[in-house]
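Note sheet for the following structure.
The values are calculated or read from the model by the stated rules, or taken from the named source; none is laboratory data. Note that the structure is predicted; figures quoted are calculated from it, not measured. Glycine also receives a Cβ, built like all others from the backbone with ideal geometry; neighbour counts cover every protein chain displayed.
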Amino acid sequence: MKKLILISLLFSLAIPAFSKNWNNISTTVTLGYESRYVLYGYRLSKHLWHADVYFSMPAGERLTVWAGSWLGTLPDGTYNEIDFYTGADYQLTDHISAGLAYSMFNYLEAPFPTSQQAHEISGHLTMTAGPFTLSLRDLYDSEAEGHLARAVAAFDHPITDTVGLSLSAEYGYSFDYFAAGDGLNHALFKAAVPVRMNKTWTVSPFIAQSLALDVIDSFEEDQFYGGVFVSTTF
């Protein structure tokens, strides 16, 4: 596990090393726990611990490039995954942005059937209006050999100077994504309360309800779960 953490950190730290302007790089480190690992309606395991290091940098007036690494593990040692990702977002207007991303998933140990490595290409079109956000997303997974289209609506509102409220609702539509046929795949409803502890650290407890819809409801189940994220940006 120590080797995995070291590889993840080295990969992430190498990205800004090639930049000529350190002052424009934003770094976010996130640590998290989730009582159930649920991904697009699939209940993969329980008690997920994960860490993420994310870098972003403006590459022009409207273009932002970013990259990072994600590490997930289970306490019993049956699951270890390390991912690397990169992408770019372009601000089309003051309220509309679009982006492309690439991710490489490395499954070192997994309690569910999977290959050792998978690749994902995704894109999004996102619209904002005050506290509301609507994002239309599509991803292609090399292992699934299929697409998953998602519509994600979010609402973020400050309650006090240090406490906020984040609500989101997501629907996914499968095009042969790990299951034969096309149709509604899943729904996900989430509520989080971000608490800003100081100028850099934020703690965000959350609860979520995942619903297995038409394509996967014959072998998956609805799942209520929760967790907490701790993040810092500098």
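Screening the stretch 9-23 for residues that are modelled with pLDDT of 50 or more and surrounded by 13 or more Cβ atoms within 10 Å (Cβ to Cβ) and picking the one that is nearest to Gly68 (Cα to Cα) gives Ser12. No other residue among Asp214, Asp222, Asp138 is of a type in the set (D, E, K, R), free of Cβ contacts under 8 Å to residues at least 24 places away in the same chain, surrounded by fewer than 16 Cβ atoms within 10 Å (Cβ to Cβ) and farther than 27 Å from Leu100 by Cα apart from Asp222. Of the residues in the stretch 178-193, at least one is within 20 Å of the chain's Cα centre (by Cα) and at pLDDT below 95.
Against the conditions (1) at negative phi; (2) more than 17 Å from the chain's Cα centre (by Cα), Thr232 satisfies every one except (2).
Taking Gly32 as the residue in question, decide whether it is at positive phi and not β-branched (Val, Ile, Thr).
On the way: at positive phi: no; not β-branched (Val, Ile, Thr): yes.
Criteria not met by Gly32.
Just one of the listed residues (Gly99, Gly146) is touching a residue at least 24 places away in the same chain (Cβ under 8 Å) and closer than 22 Å to Asn185 by Cα, and it is Gly146. Take the conditions closer than 21 Å to Gly172 by Cβ and modelled with pLDDT of 95 or more and apply them to Leu134. Does it pass? Spelling it out, Leu134 is indeed closer than 21 Å to Gly172 by Cβ and modelled with pLDDT of 95 or more.
Does any residue of the stretch 103-119 turn out to be assigned to a strand (DSSP E or B), farther than 26 Å from Ala51 by Cβ, within 17 Å of the chain's Cα centre (by Cα) and aliphatic (A, V, I, L, M)? Break it down into steps so the answer makes sense when it comes.
So in the stretch 103-119, the residues assigned to a strand (DSSP E or B) come out as 103-109, 117-119.
Filter once more, keeping what is farther than 26 Å from Ala51 by Cβ: none.
No, the stretch 103-119 has no match at all.
Selection of first residues in the stretch 46-63 that are on the phi > 0 side of the Ramachandran plot and of second residues that are outside any strand (DSSP E or B) and surrounded by 19 or more Cβ atoms within 10 Å (Cβ to Cβ), restricted to Cβ pairs under 9 Å at least 6 apart or on distinct chains, gives the following pairs, ordered by first then second residue: His47/Leu74.
So, of the residues in the stretch 146-189 that are part of a loop (DSSP other than H, G, I, E, B) and touching a Leu at 6+ places or on another chain (Cβ under 6 Å), which turns out to be surrounded by the most Cβ atoms within 10 Å (Cβ to Cβ)? Only one residue tops the list, namely Tyr177.
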